[in-house]
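Chemist: This structure is in structure tokens; I'll ask about it shortly.
The values are calculated or read from the model by the stated rules, or taken from the named source; none is laboratory data. Quick caveat: nothing in here was measured; it's all calculated off a predicted structure. No Cβ is skipped: glycine too gets one built from the backbone with ideal geometry, and neighbour counts run over all protein chains shown.
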Amino acid sequence: MDLSLILVIAAAFGLGLMLALLVSGRRGAAGRGETARSDIQEVSGRLAQMAESQAAVQARLAEQMQAQERALAKSVEERLADFSKRIGERLQESATQSHTTLTDLRERLAVIDRAQKNITELSTQVVGLQDVLSNKQARGAFGEVQMADIVASILPPSAYSLQATLSNGKRADCLIRLPNPPGPIAIDSKFPLESYAALREARDEAEKLPASRAFAAAVRNHVGDIAEKYIVPGETAESALMFLPSEAVYAELHANFRGVVEDSYRARVWIVSPTTLMATLNTVRAVLKDVRMREQAGVIQQEVRAMLKDVLRLDDRVAKLQRHFDQAGEDVRQIRISTEKVAKRAERIEEMEFETPDVGDGAEARLGEPAAAQPALGKDETV
């Protein structure tokens, strides 16, 4: 619409210029005054028409501009409303996500706080365990308690004794009561922690060699003490068990100190860890169960003999009852024979015919021929 306005203005400007040229040309002709006036009037009329058309065009342009302004304002308002709505939704979503994130963050912080408390408690327990393990007496008590728990979880109370005293005055941590052979087996808990810790902390061969020797010597000393104290001929079995409460120490010993293990075999001291002790005790439990079954074998045989007598007595009574049943069957058979005979005789009687006597002649009644022809009852036939 702006381009149309520019064109109209340009056209009006061109017409005005032409009019001015025409007026100036006509002024140069002196004899044309009357014609000039008529031309001026014509031009004035045309200018008036152009002004009216220009005013109409301007009015239309104004209306179109106002309509465009209203449409633009409406579009801008709609876009602003939509933009505001989307901004509000985004802000709401952002607020919801922020709230959810903060809630999750608080929950995770609570979990981290609980984990921190657990770590603190665990650190305290680890420090306490280190204090326990650093003391030889406390470390020995730790191994004894662990061993006692394993033994109590597998064997019945009648199969073992804790802190049992032998005839030589020595007290074993645990004595498993097995029948002869092999006899009671002693278990003693040992924990060479210092030498093992020195071995693990060795950084080079110069430090590792003396630490290995110290560890092997400590284990050999424990094996020798157990063999001397807890293997008593005639009282205990010919072997004993040395309990190591640490699987790591047991694994290190069997992996890198095979000579020490073979020395323990020769001393008849079997080194066990918590896992291998459980396996050994399960075998012992099976042996004890077998022993109890053998002890009860005599009682079982007596009960079987008594049961056999009862079976024989029952068989005799069943035979007697069978004889009673057979006698009753024979009696029933004889009764049926008698009833059949009675029935046959009744039929014979029905077939007999009797003659009617003459009253006038005074004849005696007598049996007819058919009746006389009937066979007489046998003397030997009994009912």
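Chemist: Taking Val127, is it modelled with pLDDT under 85, part of a helix (DSSP H, G or I), surrounded by 11 or more Cβ atoms within 10 Å (Cβ to Cβ) and of a type in the set (Val, Ile, Thr)?
Modeler: No; evaluated as a whole, the condition is false for this residue.
Chemist: Just to confirm my filter: which strands (runs of 3 or more DSSP E) fall fully inside the range 150-269 and include at least 1 residues that are without any contact (Cβ under 8 Å) to a residue 60 or more places away in the chain, among the charged types (D, E, K, R) and at negative phi?
Modeler: Because the criterion is at least 1 residues that are without any contact (Cβ under 8 Å) to a residue 60 or more places away in the chain, among the charged types (D, E, K, R) and at negative phi, the strands (runs of 3 or more DSSP E) in the range 150-269 that meet it are 171-176, 185-189.
Chemist: Would a scan of the range 263-270 turn up a residue that is out of contact with any helix residue (DSSP H, G or I) (no Cβ under 9 Å at 6 or more places or on another chain), hydroxyl-bearing (Ser, Thr, Tyr) and surrounded by fewer than 17 Cβ atoms within 10 Å (Cβ to Cβ)?
Modeler: yes
Yes/no per residue for (1) of a type in the set (A, V, I, L, M); (2) more than 30 Å from Ile176 (Cβ to Cβ); (3) at pLDDT 85 or above:
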residue: Ala279; (1), (2), (3): yes, no, yes
residue: Asp290; (1), (2), (3): no, no, no
residue: Gly298; (1), (2), (3): no, no, no
residue: Lys320; (1), (2), (3): no, yes, yes
residue: Ala363; (1), (2), (3): yes, yes, no
residue: Gly378; (1), (2), (3): no, yes, no
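Chemist: Working carefully through the options Ala197, Ala218, find the one that is modelled with pLDDT under 90 and out of contact with any helix residue (DSSP H, G or I) (no Cβ under 7 Å at 6 or more places or on another chain).
Modeler: Ala197
Chemist: Does Glu238 satisfy the condition of being among the charged types (D, E, K, R) and in contact with a Ser or Thr (Cβ under 9 Å, 6 or more places away or on another chain)?
Modeler: Here the answer is no, as Glu238 does not meet what is asked.
Chemist: Would you mind finding the one in Ala186, Ala152 that is in contact with a helix residue (DSSP H, G or I) (Cβ under 6 Å, 6 or more places away or on another chain), modelled with pLDDT of 85 or more and not polar (S, T, N, Q)?
Modeler: Among Ala186, Ala152, only Ala186 is in contact with a helix residue (DSSP H, G or I) (Cβ under 6 Å, 6 or more places away or on another chain), modelled with pLDDT of 85 or more and not polar (S, T, N, Q).
Chemist: Is it the case that Ser167 is more than 24 Å from Asp225 (Cβ to Cβ), surrounded by fewer than 15 Cβ atoms within 10 Å (Cβ to Cβ) and out of contact with any Pro (no Cβ under 6 Å at 6 or more places or on another chain)?
Modeler: no
Chemist: Further, regarding this structure: Here are Thr276, Thr283: which of them is in contact (Cβ under 8 Å) with a residue 12 or more places away in the chain and β-branched (Val, Ile, Thr)?
Modeler: Just a single option satisfies the conditions, and that option is Thr276.
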